[in-house]
1. HN-Hα J couplings of the stretch 142-147 from phi, Karplus 6.51/-1.76/1.60, θ = phi - 60°, integer Hz, Gly and Pro as x?
2. Taking the Cα centre as origin and putting +1 on Lys and Arg beta-carbons and -1 on Asp and Glu beta-carbons, what dipole magnitude results for the stretch 67-283, to the nearest 20 debye?
3. In a Debye calculation with equal point scatterers on the alpha-carbon sites of the stretch 202-356 and no solvent, what is log10 I(q)/I(0) at q = 0.12, 0.16, 0.19 Å⁻¹?
4. Could you run the Karplus curve 6.51 cos²θ - 1.76 cosθ + 1.60 with θ = phi - 60° over the stretch 355-360 and give me ³J(HN,Hα) per residue in whole Hz, x for Gly and Pro?
5. Please figure out what share of the DSSP beta bridges in the chain is antiparallel and state it in percent, rounded to the nearest 5.
6. Among Thr248, Ser190, Ser70, flag the residue with its Cα farthest along the positive direction of the charge dipole of the stretch 67-283, charges on Cβ as +1 for Lys/Arg and -1 for Asp/Glu.
7. State the antiparallel share, in %, of DSSP beta bridges confined to the stretch 67-283, rounding to the nearest 5.
8. For the stretch 258-347, what does the alpha-carbon gyration tensor say about shape, rounded, prolate or oblate, given a ≥ b ≥ c as the root eigenvalues, a/c under 1.5 as rounded, and a/b over b/c as prolate?
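Where a number appears in this text, it was derived from the coordinates with a stated rule and is not lab data. Fair warning: this is a prediction, and the values are worked out from it, not measured in the lab. Backbone-built Cβ (ideal geometry, glycine too); neighbour counts: all protein chains shown.
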Amino acid sequence: MQRWEQALAERHARGLYRQPRALEQRQGVNARLEGRDCLVFCSNDYLGLADHPEVAAALARAATTQGTGSGAAHLISGHHPEHDALERELAEAVGRPRALLFSTGYMANMGVINALTEPGDVIFEDALNHASLLDGGWLSRGRMQRYAHGDVAALDAAMAEASGPALIVTDAVFSMDGDLAPLAALSELSARRQALLVVDDAHGFGVLGDGAGTVAHFGLSAAEVPVYIGTLGKALGTFGAFVAGSETLIDYLVQRARTYIYTTAPPPALAAATRSALAVARRETWRRAHLAELVARFRTGAERLGLPLMASATPIQPLLVGDAARAMTLGARLLEAGYWVTPIRPPTVPAGTARLRITLCATHTPAQVDGLLEALSRCWDEGE
Ligand SMILES: *Cc1c(COP(=O)(O)O)cnc(C)c1O
């Protein structure tokens, strides 16, 4: 199609063309990319559980006894005891009565927003929410309204103008910036305006609040954040997602969430692996402690070098570059130096805010972080 070719050519010309690159071998944060050994500083495997031997063994064992596939959707014949057990353990981990598994975070967000919205409802979303939350709002029967990033006063004003039931939907940790949503203020506002607060904690679950997530980090109760979404492909190192909340919420989602109902249930062996990851994440508290130390070390070092840090206290530590082409050059130079940091460009981030989204993992060493800082400083200056 000529239209496709034109669009592709335009992407190339604007420095926005994207392509997946195959990670050929990995062992912790050590990887081989296109024949070159490198250290990965751009994965969401925050606790380093994605290749943990205990979790891998749980997956292999369960696959041998329970097979590779669930065989059907949850409500047909695809729901297994392993799913039940994982749902119970996830609910407990985040201090809520029940949890419901989804195949991915993308599907959880689409399903939940759609299920909880009726025609005439208004969905208020932070401008920097993850694409899956935005898509969930746009594809729902409600009306979408975005508010300026983290701006509770602007949201309050917008809500004062609107009529009808409302949802407030936010990332807990913003995926490309690493900063936290003002959850206490959002919860207070949602109570005052009788809106339902939906929080997507993809990057907080397992990491913040002693592993219980960002809501726990802020000391907020289940009542203050009634709809909690966590994902399993990031800190937990496996795959999938869950929604946690009251008995009634979960009951309702089972009836209404189309991305839960009309899709094959995740393999029970995967649920077994996630249960194992959850146990390791709880038991090995050193992972979170070490990660917090690395975050502090990176920030202190970057500040000393005059690198453009963003306001983040999480393992997501982006450095703002601005120009997409320059971000690509920096990414290529870093890779030559042995550090893999995929540059993030529009449309994933707003125009003019291309960045190096550096992520730290519990399996990085302090020396590796120092090495990255040194390489960053060198590559940054070369381009001036
Ligand atoms: C990664 C991410 C998702 C999607 O989760 P998947 O399980 O990868 O589909 C949803 N929300 C946020 C904020 C994310 O960063």
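1. Computed from phi, the couplings for the stretch 142-147 are x, 9, 8, 9, 9, 10 Hz.
2. 460 debye
3. Log10 of I(q)/I(0), two decimals: -0.73, -1.11, -1.25.
4. Once rounded to whole Hz, the list reads 8, 9, 8, 8, 10, 9.
5. Details: 28 of 47 bridges.
The antiparallel proportion sits near 60 percent.
6. Ser70
7. Once the DSSP bridges in the stretch 67-283 are tallied, antiparallel ones form about 40 percent.
8. oblate
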